[in-house]
Amino acid sequence: MQADIITTTLLDKSQTLSIQKPASGLSLVGRIRVPGDKSISHRALMLGAIAQGETTIEGLLLGEDPRSTAKCFSLLGAKVSELNAERVTVRGVGIGELEEPVEVLDAGNSGTTMRLMLGILASHPGRFYAVTGDSSLRSRPMSRVIKPLQQMGAQIWGRKSNSLAPLAILGQQLKPIHYHSPIASAQVKSCILLAGLMASGETTVTEPALSRDHSERMLRAFGAQLSVDPETCSVTVTGPTQLQGQNVIVPGDISSAAFWLVAGAIVPGSELVVENVGVNPTRTGILEALEMMGADIELQNQREAAGEPVADILVRSSGQLRGCTIAGDLIPRLIDEIPILAVAAIFASGTTIIRDAAELRVKESDRLAVTAAELNRMGAKISELPDGLEITGGTPLTGADVDSYTDHRIAMSLAIAALNATGITNIHRAEAAAISYPDFTATLQQVCHPN
């Protein structure tokens, strides 16, 4: 690996990642492992904290977001060992036994931490909690979980008519509801199901389409009484219930693997194997989208680990990708992967249309606006739609100064785009990648080989 292909500069805690493709070109080759699945890591820590007994977690993601979850639940009385990727232990307090902490609970940049935790905290009668996050999280909508929790009897206060953090929660004895969610959101669904663990009776969530089902799988494993009706996209949990500590093996995060799948598909002469990736059907929309675009991807060594399907994924560069339309029920299964799919679309023939993804406007950044603006700086032809993007493929990229907007998925998507650009690309605030992928730059250096 030549040092001048990928370099980093640190100034006042802000990192600039500089990438310059050699004149001779480069290819990506190797076998890699991506960090543990973020969604599963959060849920393992949370359920371990409210279960009886000890939970062990292997393969935990060591990014900033799970660290926020671990810190919050440690303040709430759970005993969480030092975080590492090998083995973390969580000594739970049991359902309904979280403590009332002296400190404000800080969810950092993690929407999952805040939204799921609200369902748990709101169901602890008589206890008061204050929850905040960083500037990005304090601007992201919480009403989507607060409103259904209020229907269950929760008392929650916050800014902008109880929709923005910081939030104050006074726990109540909640009542079960049947909530018809206007959006397919695993965070909304999980929040309500977690609140339903302490409600007396059946709490049901019905969605317009199936969202990722990590909570359902893990709640069952921990002993919750839970049923799923795929025909109506409904999930029901019966409370009150008690959870028991479990051994959890966290597979690699397919959202992190997505960067290498696209990189391998667009950089000529590439062949990558991403090992031990979770291929839960509610998360594999990225594989279907890339298949529609003509990418050469193969699942190998398919197996199951702790109730989650796992595989090694081989990607080879192939001929020209082709544009396609990504919309409808596919969107909830690849919502986090849309910025990197936009990169793939730049190198595809024809036009790619992404719709039904307005949810991306309220992520760590307005991902639709930022994806379009920053990739267009490099010469892409991307137009914003109210709920998506229109990408005209086949335009060569040129290195430019771009910014992550402190959004981890934007930072990594820009880095992959830079591999196929001429000239130097400087990605400012690239340290954001560490939120979900602390070793992203090191892995990039590992697999890049000059021709």
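The values are calculated or read from the model by the stated rules, or taken from the named source; none is laboratory data. Quick caveat: nothing in here was measured; it's all calculated off a predicted structure. Virtual Cβ from ideal backbone geometry, glycine too; neighbours counted across all protein chains shown. Protein only, heavy atoms only, side chains kept; ligands, DNA and RNA dropped before computing areas. Shrake-Rupley method; radii C 1.70, N 1.55, O 1.52, S 1.80 Å.
I need the shape label for the stretch 278-366. Rule: rounded when a/c is under 1.5, else prolate if a/b > b/c, else oblate, with a, b, c from the alpha carbon gyration tensor. It would help to have the intermediate numbers written out before the result.
Numbers: a/c = 2.29, a/b = 1.19, b/c = 1.92.
In terms of gyration-tensor shape, oblate.
Calculate what fraction, in whole %, of the accessible area of the chain sits on carbon and sulfur atoms when a 1.4 Å probe is rolled over the protein chains.
48
Please list 165-172, 355-362, 416-423 highest first by mean number of surrounding beta-carbon atoms within 10 Å per residue. Don't skip to the end; give the middle numbers.
Working: 165-172: 19.9, 355-362: 17.5, 416-423: 21.6.
Going by the mean number of other Cβ atoms within 10 Å, highest first, we get 416-423, 165-172, 355-362.
Only bridges with both residues in the chain count here: give the DSSP antiparallel percent, nearest 5.
If I count the DSSP bridges inside the chain, around 70 percent turn out antiparallel.
For the chain, what is the accessible area per residue in Å², given a 1.4 Å probe and the full set of protein chains?
In whole numbers, the chain has 36 Å² accessible per residue.
Can you bin the stretch 210-267 into rounded, prolate or oblate? Criterion: square roots of the alpha carbon gyration tensor eigenvalues sorted a ≥ b ≥ c, rounded for a/c under 1.5, prolate for a/b above b/c, oblate for the rest.
oblate
About its Cα centre, how strong a charge dipole does the stretch 354-437 have in debye, to the nearest 20, once Lys and Arg get +1 and Asp and Glu get -1 at the Cβ?
Computed charge dipole of the stretch 354-437: roughly 160 debye.
List the residues, sorted by chain then number, that are 5 or more residues from SER349 or on another chain and whose placed amide H is less than 5 Å from its amide H.
Here the answer is LEU321, ARG322, GLY323, since their amide H atoms fall under 5 Å of that of SER349.
Between VAL310 and residues 5 or more places away or on another chain, which pairs have amide H atoms under 5 Å apart, with H built 1.01 Å from N, and which residues are they?
Residues meeting the criterion, in which the H sits 1.01 Å from N, are VAL279, ARG303, GLU304, ALA305.
What is the Cα convex hull volume of the chain when expressed per residue in Å³?
126
By average Cβ neighbour count within 10 Å, what is the ranking of 212-223, 373-384 from highest down?
Ranking, from highest mean packing down: 212-223, 373-384.
If you find the alpha carbon centre of the stretch 416-433 and of the stretch 1-78, how far apart are they in angstrom?
Each part reduced to its Cα centre gives a spacing of 19 Å.
State which entries of LYS79/LYS363; LYS189/LYS363; LYS21/LYS363; LYS147/LYS175; LYS38/LYS363 exceed 24 angstrom in Cα-Cα distance in the structure shown.
Exceeds cut-off: LYS79/LYS363; LYS21/LYS363.
If you place +1 on the Cβ of every Lys and Arg and -1 on the Cβ of every Asp and Glu, how big does the dipole about the Cα centre of the chain come out, in debye to the nearest 20?
So the magnitude is around 660 debye.
For LYS381, list the aspartates and glutamates whose Cα falls under 15 Å from its own Cα; do not include residues on the same chain fewer than 8 positions away.
Excluding near neighbours in sequence, the set is GLU390.
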